[in-house]
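Chemist: Just dropping this structure here.
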Amino acid sequence: MLPTPTGTALQQNSAMADTHPEARAQALRALLHHHAHRYHVLDAPEVPDAEYDRLFQELQALEGAHPGLLTPDSPTQRVGGRVLEGFAPVRHAMPMLSIRTETDTTTAGAMAFDQRVRRELELSVDAEPVEYAAELKFDGLAINLRYEQGVLVQAATRGDGETGEDVTQNIRTIGQIPLRLQGTGVPDVLEVRGEVFMRRDHFEALNQRQRDKGEKTYINPRNTAAGAVRQLDPAITAQRPLSFFAYGLGETKGWAQPPTHSATLDALAALGLPVSADRAVVHGAAALAQFQQAMGAKRDGLPFDIDGVVYKVNRIDLQKRLGFVSREPRWAVAHKYPAQEQMTRLNDIEVQVGRTGKLTPVAKLEPVFVGGTTVSNATLHNVFELRRKGVRVGDTVIVRRAGDVIPEVVGRVVAQPGPRQPYVPNYRPPATCPVCGSAVLREKGGMDHRCTGGLFCAAQRKQAVLHFAGRRAMDIEGLGDKLVDQLVDGGVIRTLPDLYKLGLSSLVALERMADKSARNVVAALDASKTTTLARFLYALGIRHVGETTAKDLARYFGGIDALMDAHMDALLQVSDVGPVVAQSIHTFFGQPHNREVVEQLRAAGISWPEDDGDVANLPSQTLAGKTLVLTGTLPTMSRDEAKALIEAAGGKVAGSVSRKTSYVVAGAEAGSKLDKARELSVPVLDEEGLKQLLVRAV
């Protein structure tokens with residue numbers, strides 16, 4: 001068994017230099033296992049990804065040059081392997097038994113389990129409370145991991161409890177599962193039972209990637225995790241972000257199991273296996289009920305799905321006394337929460353317009369209790385998602401609600417009662433916005449339909465006002481979320497020009513608005529009237545027009561009138577404006593109500609210096625075509641000031657360093673961007689160097 005590496009990666013790496021290939025490979029494997037455990041299990045990495053990748057690539061090269069050095073526990077064996085024709089059967093050395101489910105989802109379920117345990121143990125009323133290990137019931141796929149001499153040699157599904165399927169190659173791709181156990185006292189044989197699952201954020205990101213590619217989305221994290229584990233091509237499994245928690249044992253040899261279940265889990269964690277921190281040792285029925293309630297309250301905030309909690313008698317000797325009944329342990333029970341998926345009828349499909357103008361088809365459902373609440377509305381995402389799922393009004397559908405995620409229709413029940421005609425969509429996106437009547441468009445290659453009436457549409461009013469007032473836009477201090485809610489909900493403002501009609505009396509009349517605060521808002525509104533064309537364009541919230549594009553447009557056209565009347569050909573002449581951005585700008589100013597809002601804002605007193613446009617008339621463009629990255633704190637200028645100077649000279653400011661970066665400007669406490677610049681040999685400037693670069697433009 002290799003010792004756990006200690007000290008920094010650089011110190012260890014230095015110590016390993018110039019060693020024999022076999023010793024070097026052995027040391028690299030130990031170091032990579034150590035760093036993988038720190039990253040995947042402890043969430044406390046010691047080295048940056050680039051250093052891990054460098055060590056990994058060195059080991060790969062070493063094994064490639066010396067094939068005899070390759071071992072089953074090598075980190076290089078996590079991904080890949082041959083595509084399987086099928087899964088070989090695996091007979092479990094100890095059966096993987098299921099546990100009883102408590103049907104009462106209230107706290108009474110905990111009371112019933114405790115009463116059964118006390119009765120079987122023949123405990124008197126006056127006896128001490130039973131000690132229990134309480135833990136989460138993960139919503140995933142049960143797996144048995146077999147380690148021999150500390151090395152993972154086999155992974156198998158539960159199957160029928162007696163015989164499962166060999167999924168070793170796929171399980172090797174899960175970063176949280178160690179290929180070799182760490183620490184001392186490693187058993188000759190150790191079978192670890194646990195759950196493979198998918199985190200909610202990883203599931204949502206996976207589905208978003210599927211939507212972006214126009215491919216089918218997955219129904220829920222549990223089915224997706226199970227499908228990934230049973231994928232015949234391990235390379236595909238490696239692309240699915242799976243996780244793992246250990247919760248029990250199978251066969252063991254050469255190991256003295258601790259006297260309690262909780263201590264057993266501690267021992268597994270010490271061997272490098274991931275064990276959930278959401279567990280507790282409690283005493284008696286009331287404490288079990290408290291744990292169930294506490295985890296229920298915490299359930300929505302967990303990063304993964306659970307469908308209940310599990311209670312186990314903590315002492316192993318008492319577990320043996322209690323034994324089994326009908327192949328279920330008497331000493332454990334699953335106490336479930338209300339289901340998060342249910343079936344109901346789809347009564348209608350309506351359209352909802354979001355704060356950013358996105359049109360979302362919403363399912364109007366026969367009310368159903370799911371995930372602890374009654375659901376009558378659920379999202380269908382977009383028309384393409386709806387058609388992929390093949391649902392129509394009148395269908396029986398599956399509704400899912402998990403945590404704080406908006407309830408969604410995940411699909412139709414295949415076995416529908418009565419005859420059903422071939423699928424014909426009974427929903428089509430409207431041509432005009434149901435809220436404001438503006439045109440509805442879908443960008444080429446995009447999945448979403450959007451309302452084009454951003455400055456006019458009531459559904460987008462709050463978002464439009466907040467964006468308009470933002471610090472990088474019109475910079476109206478004091479106009480935050482709560483005040484905007486009051487102004488819009490109370491009908492005080494309906495369009496952006498209404499902001500400049502606000503007076504002290506209308507503001508003071510609002511809840512929690514003192515005279516001084518009202519005066520500050522009025523003063524901020526008045527101050528915002530003097531701005532720049534670039535800020536004004538950005539404040540309008542035109543889709544795809546960020547700060548940099550707004551500045552490019554302002555430089556090129558010089559005034560708002562020339563921009564509003566510009567044709568597509570003229571827009572495409574602006575730096576970094578492509579067909580999608582140009583179409584968005586052209587569509588925005590093609591809406592009469594948007595042009596009217598612009599004119600009303602100008603009439604309210606908003607102004608900026610106008611010029612004749614054209615980049616040639618602007619200050620010297622010494623940085624035209626150059627991309628700079630700022631990092632750290634500069635001595636005399638803020639990052640915003642430096643960015644403004646660079647852009648005034650025609651340069652671009654990017655957020656990350658690449659081979660296309662022209663310069664990196666580094667100040668005090670510069671971080672990884674400076675390291676990346678040195679790695680890629682990108683020129684590095686200090687503040688003085690930046691000033692010299694800009695001297696011809698200032």
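Where a number appears in this text, it was derived from the coordinates with a stated rule and is not lab data. Quick caveat: nothing in here was measured; it's all calculated off a predicted structure. Every residue, glycine among them, receives a Cβ derived from its backbone with ideal geometry; neighbour counts consider all protein chains shown.
Chemist: Given R₀ = 45 Å, what would the calculated FRET efficiency be for I236 paired with R321, taking r from the Cβ atoms and rounding to 0.05?
Modeler: Calculated value: 0.45.
Chemist: Could you run the Debye sum over the Cα atoms of region 619-694, one equal point scatterer each and no solvent, and tell me log10 of I(q)/I(0) at q = 0.20, 0.24, 0.28 Å⁻¹, two decimals?
Modeler: Those come out to -0.77, -1.12, -1.48, one per q.
Chemist: Something else now. Apply the a/c threshold of 1.5 to the C-alpha gyration tensor of region 280-369 and tell me whether it is rounded, prolate or oblate. It would help to have the intermediate numbers written out before the result.
Modeler: Working: a/c = 4.16, a/b = 2.52, b/c = 1.65.
Since a/c reaches 1.5 and a/b is larger than b/c, the shape of region 280-369 is classed as prolate.
Chemist: Apply the a/c threshold of 1.5 to the C-alpha gyration tensor of region 341-412 and tell me whether it is rounded, prolate or oblate.
Modeler: Cα axes put region 341-412 in the oblate bin.
Chemist: When a footprinting reagent is the concern and you count Cβ atoms within 10 Å, what order do T495, T374 take, fewest first? Could you put the intermediate results ahead of the total?
Modeler: Details: T495 17, T374 10.
Ranked by crowding around the Cβ, least crowded first: T374, T495.
Chemist: Please sort 121-131, 661-671 by packing, taking for each peptide the average over its residues of neighbouring beta carbons within 10 angstrom, highest first.
Modeler: 661-671, 121-131
Chemist: What does the charge add up to near G140, with Lys and Arg as +1, Asp and Glu as -1, over the other residues with Cβ less than 9 Å from its Cβ?
Modeler: Surrounding charge for G140 is -2.
Chemist: Enter the angle in degrees (range 0 to 90, nearest 10) between the Cα long axis of helix 49-65 and the first principal axis of the Cα atoms of the chain, meaning the one along which they spread out most.
Modeler: 60
Chemist: Given labels modelled 7 Å from the Cα in the Cβ direction, how far is it in nm from T396 to A509?
Modeler: With each label point 7 Å from Cα toward Cβ, the separation is 5.5 nm.
Chemist: Quote to one decimal, in nm, the extra length available between E204 and R639 on full extension: 0.36 nm per residue of separation minus the C-alpha distance between them.
Modeler: Gain on stretching E204 to R639: 153.2 nm.
Chemist: Can you pull the three principal axis extents for the Cα set of the chain, in Å, largest first?
Modeler: Sorted largest first, the three principal extents are 88, 72, 58 Å.
Chemist: Hey, another quick one. Can you give the extra length, in nm with one decimal, that the chain gains between S376 and Q600 once fully stretched, where that is 0.36 nm per residue apart less the Cα-Cα distance?
Modeler: Length difference between fully extended and current span is 76.5 nm.
Chemist: Nearest 20 debye, what's the magnitude of the dipole of the chain about its Cα centre given +1 on Lys and Arg Cβ and -1 on Asp and Glu Cβ?
Modeler: Dipole of the chain, to the nearest 20 debye: 1280 debye.
Chemist: Still on this model: Restricting to Cα pairs below 8 Å that are 6+ residues apart, what does the relative contact order work out to for the chain? Please round to a whole percent. Can you show the working numbers first?
Modeler: Numbers: 1238 pairs, mean separation 60.5, N = 698.
Over the chain, the number comes to 9 percent.
Chemist: With axes computed from alpha carbons, what is the tilt in degrees of helix 592-603 against the longest principal axis of the chain, rounded to the nearest 10 within 0 to 90?
Modeler: 60
Chemist: Could I ask something else about it? Report the label-to-label distance for D212 and D126 in nanometres (one decimal), using points 7 Å from each Cα along the Cα→Cβ vector.
Modeler: Inter-label distance under the simple model: 6.9 nm.
Chemist: May I ask for the net charge around V684, where only other residues with Cβ less than 14 Å from the Cβ of V684 are counted and Lys, Arg are +1 while Asp, Glu are -1? Walk me through the numbers on the way to the answer.
Modeler: Values: positive: K673, K676, R678; negative: D675, E679, D686, E687, E688.
Summing Lys and Arg as +1 and Asp and Glu as -1 gives -2.
Chemist: Still on this structure, I have one more. Provide I219, I143, I236 in ascending order of the number of other Cβ atoms located within 10 Å of each residue's Cβ, fewest first.
Modeler: Details: I219 17, I143 24, I236 14.
The fewest-first ordering by Cβ neighbours comes to I236, I219, I143.
Chemist: Measure off 7 Å from each Cα along the Cα-to-Cβ vector at R471 and D104, then give the distance between these two points in nanometres to one decimal.
Modeler: 5.5
Chemist: Using only Cα atoms, tell me the angle between helix 261-270 and the longest principal axis of the chain; keep it within 0 to 90° and round to the nearest 10.
Modeler: The angle comes out near 60 degrees.
Chemist: Another one. Return the lysines within reach of K364: Cα separation strictly under 19 angstrom, same-chain partners fewer than 8 residues apart disregarded; answer none if there are no such residues.
Modeler: Reachable lysines: K389.
Chemist: Ok, one more. With unit charges on the beta carbon (Lys/Arg positive, Asp/Glu negative), name the residue among A156, P274, G605 whose Cα is farthest towards the positive pole of the charge dipole of the chain.
Modeler: A156
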